[in-house]
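These notes are about the structure you will find just below.
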Amino acid sequence: MERERLYRTEALILHRSDFGEADRLLHVLTPHLGRLRLLAKGVRKLSSRKAGHVELFSHVNLLVARGSTFDIVSQAELLEPFRTLHDNLERASMTYYVGELIVRLTEEQDENAPLFYLTLATFDRLCTARDPLLALRYFELHALELAGYRPQLHFCVVCQRRIEPVANFFSASMGGVLCSHHKGQVEQAMPLTLHALKVLRHMQTQPWEQVAVLRLNSNLHMEIETLVQGFIVHVLERQPKSVEFIHRLRRELRENSLKEQLHKTRNTTQEGVSL
Ligand SMILES: [Zn+2]
């Protein structure tokens, strides 16, 4: 049976890179065709009308022509540009990270419709959420689950006994929580506070609306981030590249805000003196 020469698909643009003189290679996620690499021809020319429709992080409808090496974008219709993701470097870096995780967790052309809709919802949440870090953690936990790596948060991964509501331990290599009896039997088990365990369970089992209302202090955020990202590094056998960028950015933002505060204090003091 001969395949159709053209096909239509909805897509999220996760990554773009220059290709040849005027073309771009797009990494996209689709609901029914999985992750694809597509060629967008001529989009780097100023006169290209297609260029605006294949912007990074946008949600589009594509008409695609089958090609020998890469399939080729023939038409693109913009559904949602998610412009807020470009306005703010912190949110942009988180969205890059979402794209990188998808690329590392999935094979090309592996259909995963729930992952597509989770990612679409995550792009929206990263634009609108009061606490975008919560949206990012929620994405990580559910993307891991959809890729077949659901962390065990209810039963000890060694003895399978139900975890008591006390401080416990988490092992990235065993993929879940350890009871207090078995913490010593697994190398590199990390302590897990009861509060963090409750938040993780809540994220794993509740819809986003129930998670968006949580207010986490920075220590709790840090504990959960360290734990989930430790698990991701174990699953991927490497640290995602964009994680280092997010950390560096966060350090710089913190330093700048300290400098700003210092500057303000100094100005106020000087004004005080001159009065
Ligand atoms: Zn145990």
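Scan segment 156-225 for GluC sites (Glu not before Pro) in coil per DSSP, keeping those whose Cβ has at most 11 other Cβ atoms within 10 Å, and list them by number.
On the way: sites: E187, E209, E223, E225; in loops: E187.
Of the GluC sites (Glu not before Pro), the ones in loops of segment 156-225 whose Cβ has at most 11 other Cβ atoms within 10 Å are E187.
Once you place label points 7 Å from the Cα toward the Cβ at K241 and E4, how far apart are they in nm?
So the two model labels end up 3.4 nm from each other.
Mean residue ellipticity at 222 nm from the helices of the chain, using -39,500 (n - 2.57) per DSSP H segment of n ≥ 4 over the full residue count, to the nearest 500 deg cm²/dmol?
Values: 8 runs with 122 residues, N = 275.
Value at 222 nm, helices only, nearest 500: -14500 deg cm²/dmol.
Provide the gained length on full extension for the span Q160 to Q185, in nm with one decimal, where the gain is 0.36 nm per separating residue minus the Cα-Cα distance. Could the numbers behind the result be given before it?
Values: separation 25, 0.36 × 25 = 9.00 nm, distance 1.42 nm.
So the chain would gain 7.6 nm between Q160 and Q185.
Diagonalise the Cα gyration tensor of the chain and give the resulting equivalent ellipsoid semi-axes, square root of 5 times each eigenvalue, largest first, whole Å. Before the final figure, lay out the partial values.
Numbers: eigenvalues 273, 179, 45 Å².
Working through the eigenvalues yields semi-axes of 37, 30, 15 Å.
Taking H as built 1.01 Å from N, whose amide H comes closer than 5 Å to the amide H of G176, not counting residues under 5 places away?
Q152, S171
Hey, got the Cα dimensions of segment 83-181 along the principal axes, in Å, largest first?
Principal-axis extents of the Cα atoms in segment 83-181, largest first: 50, 34, 18 Å.
Let me check I've understood the local charge: for R254, count other residues with C-beta under 12 angstrom from its C-beta, Lys and Arg +1, Asp and Glu -1. What total comes out? Don't jump to the answer; show the numbers that get you there.
Details: positive: R248, R250, R251, K259; negative: E90, E252, E255, E260.
Surrounding charge for R254 is 0.
Tell me, what HN-Hα J-couplings in whole Hz come from the Karplus equation 6.51 cos²θ - 1.76 cosθ + 1.60 at θ = phi - 60° for each residue of segment 79-85, using x for Gly and Pro?
Going residue by residue, I get 9, 7, x, 6, 4, 4, 5 Hz, with x marking Gly and Pro.
Label-point separation (nm) for H221 and T205, each offset 7 Å from Cα along Cα-to-Cβ?
The answer from the label model is 2.6 nm.
Could you work out which residue, out of R44, R91, R125, moves most in a Gaussian network model of the chain, that is, has the largest mean-square fluctuation with Cα springs under 10 Å?
R44
For segment 60-70, just list the computed ³J(HN,Hα) in residue order, Karplus coefficients 6.51, -1.76 and 1.60, θ = phi - 60°, integers in Hz, with x standing in for Gly and Pro.
Taking θ as phi minus 60°, the curve returns 9, 10, 10, 10, 10, 9, 5, x, 6, 8, 10 Hz for segment 60-70.
Quick one: 3J(HN,Hα) in Hz for segment 123-134, Karplus 6.51/-1.76/1.60 with θ = phi - 60°, rounded, Gly and Pro as x.
Running phi through 6.51 cos²θ - 1.76 cosθ + 1.60 with θ = phi - 60° gives 4, 5, 5, 5, 6, 10, 5, 4, 10, x, 5, 5 Hz.
Computed from the coordinates by the stated procedures, all read-outs in this text should not be read as laboratory data. Quantities reported herein were computed from a predicted structural model and do not represent experimental measurements. No Cβ is skipped: glycine too gets one built from the backbone with ideal geometry, and neighbour counts run over all protein chains shown.
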